[in-house]
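First the structure, in the form of structure tokens, and then the observations on it.
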Protein chains: 2
Amino acid sequence: MVVVRELFPLVGVDVALFCVDDDGLKVLLVKRAEDPYARHWALPSGVLKPHLDDSLMAAARRVLAHKVSVELPHVAEVSTFSGPTRDPRGWSIATLFYALLPKDKINALVRNKVEAVQWVSATSTRHRLAFDHEEQLQAALRALRSRVEGDVLPLHLLPEKFTLTQLQKVCEAILGRALDKSAFRRRLKGSTDLVELDEYERGPQRPAQLFKAREGFTF
Amino acid sequence: MVVVRELFPLVGVDVALFCVDDDGLKVLLVKRAEDPYARHWALPSGVLKPHLDDSLMAAARRVLAHKVSVELPHVAEVSTFSGPTRDPRGWSIATLFYALLPKDKINALVRNKVEAVQWVSATSTRHRLAFDHEEQLQAALRALRSRVEGDVLPLHLLPEKFTLTQLQKVCEAILGRALDKSAFRRRLKGSTDLVELDEYERGPQRPAQLFKAREGFTF
DNA sequence: TCAATAGTGTCTGTAAGACATTATGGT
DNA sequence: ACCATAATGTCTTACAGACACTATTGA
């Protein structure tokens, strides 16, 4: 096996699973049960299993489905980390994905979990994570932000039906800054990704119109 | 070895090496000498050699240095392609990089080449390439364009000293559309990546001021 | 003086930020 | 009537595209 390691690198996937709640943007961490980095917090990760996985992204989905039992969220590739020292077991490759989960599915997720998991603020000062996962988390965050800066709507982080105010809060949580309501909504007028519904969110004040993502929308 | 393939995927790198000449944006293709896809045109590629490479990007540089003897150009990751069928030898991973080469280094490159190589228009209608390299080429082109659209200057495609008109031509070749000179230069005024020189490119008309990239500039 | 390209000025429409105002529900 | 939030309007500024114009060299 040691010989094999010199010919073939360890191949795995890491996933930064994001969600937005009232406290802002969160990312899921898991407590590693085994070495290396046993009992350290880390991004959910796993090794590629060629007989099970049809692609690296499929491996990422399998890892998520295994570590956290939940409907599969939106997954996108960020980049690939590699080198002889990032994993003490030897030359390794890890392709990083980010995944987006709507807030209303968080509870089901955490409840069914067997290992220790934790939602932590994704924007707060750095954590102490296993491997190069701190760097990976920053890379995933950059990728997420650059898409939102590029005027793509992070609808995968919202429930099926949502108000424009909810959408704005999610964007603000990702970008880490306040957005102007008027300008934000003006931009949304020209978006083909939003579908206007004839339903309204009722509360102790004026009802807000509900929207949903366009059929086939992908972040 | 067959058994190994079921446990460990084939790991390699592919490189889309771009340059810009008077005919527009070009990409380097090599004629494959060995199976699979012998005698097919393909992007320069190679398998990862853990004992030689310190990262996937280093592997990409090694592949370039090996296939085309030239000073190492700028290299950046695009994305990673994977799956059981993209290579007939079995489950495989290929991390795609693009590389940028200034026009004035092309000649030295082609001359020293042993295998058959070819510069083809990167923007013309699709080619018939080995593996999934057509898709990869499109992905590399998208990545390149999105950076230039994002107002990053592709200075790695220019000689050390260049005129603003040359810079504009390079941007136009990448984007595939004409840019307005006035607006283009107005934007450049605010760029910290350009350094004004006290030299001028002389010709049969008004001389043009020369510029160079900021120290430490990276595309 | 002319050709050719470098470099600048001006006008206009679009879009964003800031901020005020109106609208509409519940209580 | 009042509160809270939704939704819209207005003003200003910044910037990009279009296009005309001026500047400077060699021939």
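The values are calculated or read from the model by the stated rules, or taken from the named source; none is laboratory data. Keep in mind that what you see is a predicted model, and the values were worked out from it rather than measured. Note: ideal-geometry Cβ built from the backbone for every residue, glycine included; neighbour counts use all protein chains shown. Note: accessible area is taken over every heavy atom of the protein model, side chains too, but ligands, DNA and RNA are not part of it. Shrake-Rupley method; radii C 1.70, N 1.55, O 1.52, S 1.80 Å.
Here is how the numbers come out for the structure above:
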quantity: Nearest-10 value in Å² for the accessible area of residue A:93, using the 1.4 Å probe; calculated: 10
quantity: Residues of region A:71-94 buried by at least 10 Å² on assembly (accessible area, 1.4 Å probe, chain alone as reference); calculated: A:77, A:79, A:80, A:82, A:84, A:91, A:93
quantity: Beta bridges by DSSP in the protein assembly as shown, antiparallel share as percent, to the nearest 5; calculated: 75
quantity: Accessible carbon and sulfur surface of region A:155-213 relative to its total accessible area, %, 1.4 Å; calculated: 47
quantity: Surface/4 estimate of mean projected area, convex hull on alpha-carbon atoms of region A:155-213, nm²; calculated: 4.3
quantity: Heavy-atom accessible surface that B and A bury in contact, both chains counted, 1.4 Å, Å² to 100; calculated: 1800
quantity: Accessible-area value, residue A:57, 1.4 Å probe, nucleic acids and ligands omitted, Å²; calculated: 70
quantity: Hull volume in cubic angstrom per residue (convex hull over the Cα atoms of the protein assembly as shown); calculated: 179
quantity: 10 Å Cβ neighbours from other chains, averaged over peptide B:52-61; calculated: 3
quantity: Amide proton proximity set for residue A:16, modelled H, under 5 Å, gap of 5+; calculated: A:97, A:98, A:99
quantity: For residue A:93, distant residues with modelled amide H under 5 Å away; calculated: A:10, A:11, A:12
quantity: For region A:6-20, residues shielded by at least 50 square angstrom of accessible area compared with the chain on its own, probe 1.4 Å; calculated: A:8
quantity: Whole-Hz couplings from phi, Karplus 6.51/-1.76/1.60, listed for region B:19-24; x for Gly and Pro; calculated: 8, 10, 10, 5, 8, x
quantity: Accessible surface ranking that places the most exposed of B:85, A:80, B:123 first, with a 1.4 angstrom probe; calculated: B:85, B:123, A:80
quantity: Calculated diffusion of region A:49-200, Stokes-Einstein form, Kirkwood radius summed over Cα pairs, 10 °C and 1.306 mPa s, µm²/s; calculated: 90
quantity: For chain A, the longest site-free run once GluC sites (Glu not before Pro) in DSSP loop states with at most 15 other Cβ atoms within 10 Å are removed; calculated: A:161-214
quantity: Region A:2-149 - accessible surface per residue (Å², probe 1.4 Å); calculated: 46
quantity: At R0 = 41 Å, FRET efficiency that the Cβ-Cβ distance of residue A:193 and residue B:34 yields, to 0.05; calculated: 0.35
quantity: Copy-to-copy label separations for residue B:7, where each label sits 7 Å from Cα toward Cβ, in nm and ascending; calculated: 1.0
quantity: Accessible area (Å², 1.4 Å probe, nearest 10) - residue B:218; calculated: 90
quantity: Cut-off under 5 Å, modelled amide H: who pairs with residue A:74 long-range; calculated: A:100
quantity: Carbon and sulfur %, accessible surface of region B:2-149 computed with the full protein complex present, 1.4 Å; calculated: 49
quantity: Neighbourhood charge, 12 Å Cβ-Cβ cut-off, centred on residue B:76 and excluding it, Lys, Arg +1 and Asp, Glu -1; calculated: +1
quantity: For chain B: relative contact order, % (alpha-carbon pairs under 8 angstrom, 6 or more apart); calculated: 21
quantity: At 7 Å out from Cα toward Cβ: residue A:159 inter-copy label distances (nm, ascending); calculated: 6.4
